[in-house]
């Protein structure tokens, strides 16, 4: 017998009760008694009664409700209120002032509203203005929406033709016709109307940059709505409501009397496609950055709806509208530009670029569907071509060629992409805010289809959210060919934009001549000046010269409020270059100027905070972090600028090293360790942890953010454990990281080998500490014998057997501590020693300590710290890297560089500055303590005063400095004033470890 859960089927009961209560709100007692005396008996009857009540509400137009229910039922994702508002305003483009009030009133029984940042827009507005909900004042810039064509023939849900009668939708199939019966005259008139409005005398530059024409019908459509309202997500209160509409929208499954507000299922994809095409024709909408999000659904989803349309049964007037929209979108310059401008970035990680890429570049599936529609148009008009105007004739001629040729179909939109990349009208910040990366990638992808007839592997694997600056796969000749493809004038902007792509593709030598040519054409071309400065930095490390050109670039930026902010992206690089030449005053000044100019700039923020951290101004760091945390990130609901900062791994952390070291050579990277140190000194504020947790929440489950998720899973636990002492939380996150990495492919596992090893080692340390705590609190050995105090090796061996890691049998979390590990390490270390691999020596020493071989581990530390006796613990250079090992028959001469490697982790003093230095035998990384700080570590009452929760007072420590006399000559020898590892010691050590490996 199947066991029934207590709440099984309860959803329907709760929904029934909710709808019943909603029907009683603000009703008088007689009405309430009447409803309660005879309520709808079933959930189905209850839902029908709700829609029946809505359909009788005179304040709600039937066509408006039909549009709302149509999109809510058949859209591919939840919609925002702003999107629904725009949909209901089409095609007449008249605002529905009361729609928001209806959503919060009559329609609240059907829809749920998810407010952005969990803030009710009405309550927030009342707090700020003291006005009531019905007395709003515009607090959001209105958008200018232009109508490209006449209103005649625009799509209307409420048109009164064959398929409507008495205000209700009959669903009668008699209204549909096959494609072969499309009326030639109607289609000809539609295309004539389209081509007539697509040809204007507007200058190209004006259309390219603004999307406006002199005949635009501008009006303030959304001016009365706040940003909070337009970004409110609307969903059905329950999936049962959507299921009901799906069923009742089809004559084949309908069970109740049809209501006029319930849309027809069979026409859903037709209506949605036409509406999406209508939205994409609102040029001013795509040109308006703040409201471009309203184009998102058409950009990302209209091809899927177009694919679902049965062309054999679509009404002829709908064929006209779809072909009109497709021709304008793909066959006209203005349409192509508007289409490409509609592709937007939601935040610094997400955008509609990747969906657009998958639809129109990775595959030719949807391009072929568009070709089929153009073929349908040409076929139906083949007997009437001579009767149409010249403009229509040109349109039909292009559609005929586009229907049979992919290059002809792509030619207009590729030309538009070229102009968006290479054509500018001025050097304002608005013109150069985007350098054209995406459209340049589009050209490369489409050229692969034109030249090769296939989508290349590079195109298939490309993700703009991840690879937006990766032009390294494109050779300089390819980039130049792309720039020359459209035959545009090679003016100052052409050279600037091509040079920029060459620069970010790391083709600096080829980029510099283009920047110089642009500067010759216009000395105030600040993007070219900046590009030249950055190329000189990257190509030749000419920092002084780079600073001079960058300062000229800043001076050339237009002196107005619209462009001043762009300097926030230029000043930080001056700070970085000044730091390279040790001009700390200039570096500090430039970093501050950049942050003041544009505090939302990631590079400005990280550079300024990095400079503050280096100067030890922890209070100012905390103050700025708190300010960033209070700034709402309008591009991502519920997050702050601080969370946005943590989501930028490339700017916040050096991707190449995958550790928490603050000594990374990439000085422009703000390291988590710098922020952690500042936070620890300021009392470990909780809001920083909250922002980190929010960042993890944002990326969890988002495939587009998989790399960022791994980065956060690597750094967040280190941050929490090291600077906040949250060991248990850290263990959970490291386990999650290893679990995720285990599911990756071989290529990804190799790419993330360093973070994998780091997490594994840190987990082992924490598991070890946990095991020791358990042991000392009364735990027994695995065989039940009385506890003893084992060596470190014994502890680790027992830990690997007894402590569960929470992973599958294949988990290799303790491979680092197998008895044969030093022998396994031997091969790579011997190969790397030609370059004097100090890290190899350190790893070997750590491994030997872990295995309990203190004698040989101390011998290696004696070699590493040998030169401190001379008062120089910076570096010891032994030989040219080119000298082979065989040149030294008695041993191996080393190149040792220990700068900063053996400082006390708390006071940061080097060995020559302390009386004693103790090396932790348990930690997987180099952790050293001076005698005074080790005393603090072991004193529970003073431990909280330390900046970092590094190490564990219960670990074993070896006094490495001063170097014990007995350790100095175990392995070391001298040769030509340098340090040598004696070969006999190495061979003896290797033999000893090989002997311990089972056959």
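Quick look at the values:
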quantity	calculated
Estimated FRET transfer efficiency when R0 is 22 angstrom, pair residue 690-residue 728 (beta carbons, to 0.05)	0.80
Contour excess over end-to-end distance, with Cα ends at residue 739 and residue 104 and 0.36 nm allotted per residue	224.2 nm
Order of 902, 111 under a 10 Å beta carbon neighbour criterion, fewest first	111, 902
Sequence of 230, 496 once ranked by neighbouring C-beta atoms within 10 Å, starting from the fewest	230, 496
Pairwise label distance in nanometres, residue 58 with residue 467, each label 7 Å out on the Cα-Cβ vector	6.1
Ranking of 931, 942, 760 by count of other Cβ atoms within 10 Å, fewest first	942, 931, 760
Two-site label geometry, residue 913 and residue 540: point separation in nm, points 7 Å out along Cα→Cβ	3.8
Radius of gyration and maximum dimension Dmax of segment 356-486, Cα, Å	17.3, 53
Gain in span if fully extended, residue 854 to residue 548, counting 0.36 nm per residue against the direct Cα distance	104.6 nm
Stokes-Einstein translational diffusion, segment 214-367 - Kirkwood Rh over all Cα pairs, 0.890 mPa s, 25 °C, in µm²/s	139
Residue-span extension gain [residue 491 to residue 945] - 0.36 nm each, minus C-alpha spacing	157.2 nm
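Just so you know, all these numbers are worked out from the coordinates, no wet-lab data involved. Nothing here was measured: the structure is a model prediction, and the numbers come from that model. Using ideal geometry, Cβ is built from the backbone for each residue, glycine included, and neighbour counts are taken over all protein chains shown.
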